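One structure follows; several queries about it will come next.
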Amino acid sequence: MCSTGTKAELQQTLSEPDLVLELKTRRPPSLEGRAGCETWSVDFSPDGAWFAWSMGHGIVWVVAWPLDSEDSQNGETDRGDKSFSCGHPVWGLAFGPRPPKSAATPRPAKTSSKWNKSLLLATGLENGVIKIWNVLTGDAVFDLHGHEGVVRDLVFPQNGTLTLVSSSRDKTLRIWDLAQKGKKVQVLSGHKDWISCCCVSSDCSMIASVGRFDRMVCLWSLRSYTFIRNLSGGTHKTLYLLSSCDFSPDGAVLATAAFSGSSWWIDLWDPYTAEKLATLLDYAEDYRQKQITAIQFSPNGLYLAMVTDDRALRIWEPGQKGMVMQTKVDRDSNGLCCNYHPRGGVVATGTRDGHVRFWKAPRTVPSLCHLCRSILRHSVSTHQMEPLPLPKRILEYLTYRNIPDRLETCCSSDEEEWLK
């Protein structure tokens, strides 16, 4: 991975105290900064043993994790790193299958299991094709055809099956059965324009998708393949773009990200009741353009990572007034995507110039209250919670209604002033 032949180099830097490592793609100077260089998607395998990123120009690189192990630096072991040439720009990628939550405890990288023996990587291409790869052999397994536009996002539900959910600029989502090589597919239609992102709840009952231009936050049933509802209400702007979404690990909260002009915001929703629980709003007093491109919950559900155009990474604890962690102000951060390592502690971000950065993320032992809520909400919906004879304060905590409904931050300077 670190050799000249791999066309990528591993760097360590002290310019950012939270930056652990950086992977920089080597390419001819004539291609630097041109369209096609972007890292639109990054992902860790379910056991945390592999990392993949789209490094631009139709190439996906898959490397063993951790990148800086002593054995790999000394050249004492064959890391098994490999590259996949997809032939077209890669916009989305995902490892799968993902084991059920009860079996999803991340294993050490060198541990063999039934999950990593059949590890697949799905890559969504600009021409609408989805290519499926065997990670261990490096072979292309088969292609999925059906989308008529860029395949923007891919998700394997966390149930151990060979089910793949894809979203596209052709305004549809498709649910593929890879066990039948994609011959059995369900098509979900309802969006009026490009779909920016999709995600699946941890109990695999719901799919959420956000439309970039139609401003629709749609919920779909993964069990009946039907439309459930569109989340709306209290929008901040008439004209805005939706960019990303993610379910909390217990499935009880859906976060969506949007931006317009000089502001961006994150809405937290109850997917069962369609109630908006809270909003985090960021705006600039000098009216400069602001964007948010990606969000993701941490594996324990305590934090929400976000990538914006003025900082490479921010990490927020929902309900708190300040950021738990944020990188330095950088108007040219060019961030496009982010993904947590399954064990937490590290967040990978991809950039518009085809590079990947690994950031040190906060590690916090969840409280007993948080653990109990996570376990309970994984299998109990809000509708089932509300009739229970519980004190109001406990019920509000269990349904996430204890989060302040509005938090604002004004970025007129490099320092942030938080208002409640």
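I'd like the accessible area for Leu125: 1.4 Å probe, protein heavy atoms, all chains in place, Å² to the nearest 10.
Answer for Leu125: close to 0 Å² accessible.
What does the charge add up to near Leu144, with Lys and Arg as +1, Asp and Glu as -1, over the other residues with Cβ less than 15 Å from its Cβ?
Details: positive: Lys131, Arg152, Arg174, Lys181, Lys183, Lys184; negative: Glu126, Asp143, Glu148, Asp153, Asp170, Asp177.
Summing Lys/Arg as +1 and Asp/Glu as -1 gives 0.
Considering only the other residues whose Cβ falls under 12 Å of the Cβ of Asn402, what net charge follows from Lys and Arg at +1 and Asp and Glu at -1?
Spelling it out: positives minus negatives among the neighbours equals +2.
Give the long-range amide H neighbours of Cys197: residues separated by 5 or more places, or on another chain, with amide H under 5 Å away, using H modelled in the peptide plane at 1.01 Å from N.
Placed amide hydrogens put Val210 under 5 Å from Cys197.
With charges only on Cβ, +1 for K and R and -1 for D and E, what is the dipole size of region 304-368 about its Cα centre, in debye, rounded to 20? Don't skip to the answer; put the middle values down first.
Details: 10 positive and 6 negative charges, 47 e Å.
For this selection, approximately 220 debye.
With a ≥ b ≥ c taken as the square roots of the eigenvalues of the C-alpha gyration tensor of region 249-345, please select rounded if a/c is under 1.5 and otherwise prolate if a/b is larger than b/c or oblate if it is not? Each step should come with its number before you reach the end.
Values: a/c = 2.01, a/b = 1.28, b/c = 1.57.
Oblate, since a/c reaches 1.5 and b/c is not below a/b.
Could I ask something else about it? Can you tell which of Ala258, Gln289, Ala305 lies farthest toward the positive end of the dipole of region 255-311, using +1 and -1 charges on the Cβ of basic and acidic side chains (Lys, Arg; Asp, Glu)?
Of the options given, the answer is Ala305.
While we're looking at this one, here's another question. As a test question: what accessible area, to the nearest 10 Å², does Tyr225 have when a 1.4 Å probe is rolled over all protein chains in place?
Accessible surface of Tyr225 is approximately 90 Å².
Determine the dipole magnitude for region 203-266: charges of +1 sit on the beta-carbon of Lys and Arg, -1 on that of Asp and Glu, nothing else is charged, the reference point is the Cα centre, and the result goes in debye to the nearest 20.
Working: 5 positive and 4 negative charges, 49 e Å.
Roughly 240 debye for region 203-266.
A follow-up question, please. Within the set of other residues whose C-beta is less than 11 Å from the C-beta of Ala348, count the net charge using Lys and Arg as +1 and Asp and Glu as -1. Mind showing how you got there, number by number?
Working: positive: Arg357; negative: Glu22, Asp43.
Net charge around Ala348: -1.
For region 152-243, with only Lys/Arg (+1) and Asp/Glu (-1) charged at the beta-carbon, what is the dipole magnitude about the Cα centre, in debye rounded to 20?
Working: 13 positive and 6 negative charges, 41 e Å.
Computed charge dipole of region 152-243: roughly 200 debye.
So how do Lys181, Lys290, Lys101 rank on accessible area, 1.4 Å probe, biggest first, that is with the largest at the start? If you can, show how the numbers build up before the last one.
Numbers: Lys181 125, Lys290 0, Lys101 85 Å².
Largest accessible area first, the residues go Lys181, Lys101, Lys290.
Calculate, in nm to one decimal, what Val141 and Leu371 gain on full extension: separation in residues at 0.36 nm each, minus their alpha carbon distance.
Extra length available between Val141 and Leu371 comes to 78.9 nm.
Rank Val200, Gly182, Phe213 by how far each Cα sits towards the positive end of the charge dipole of region 178-231 (+1 on Lys, Arg Cβ; -1 on Asp, Glu Cβ) and give me just the farthest.
My answer, from the dipole projection, is Gly182.
The values are calculated or read from the model by the stated rules, or taken from the named source; none is laboratory data. Model, not experiment: these values are computed from the prediction. Neighbour counts are summed over all protein chains in view; Cβ atoms, including those assigned to glycine, are modelled from backbone coordinates with ideal geometry. Surface areas here come from the heavy atoms of the whole protein model, side chains and all, with no ligands, DNA or RNA. Shrake-Rupley method; radii C 1.70, N 1.55, O 1.52, S 1.80 Å.
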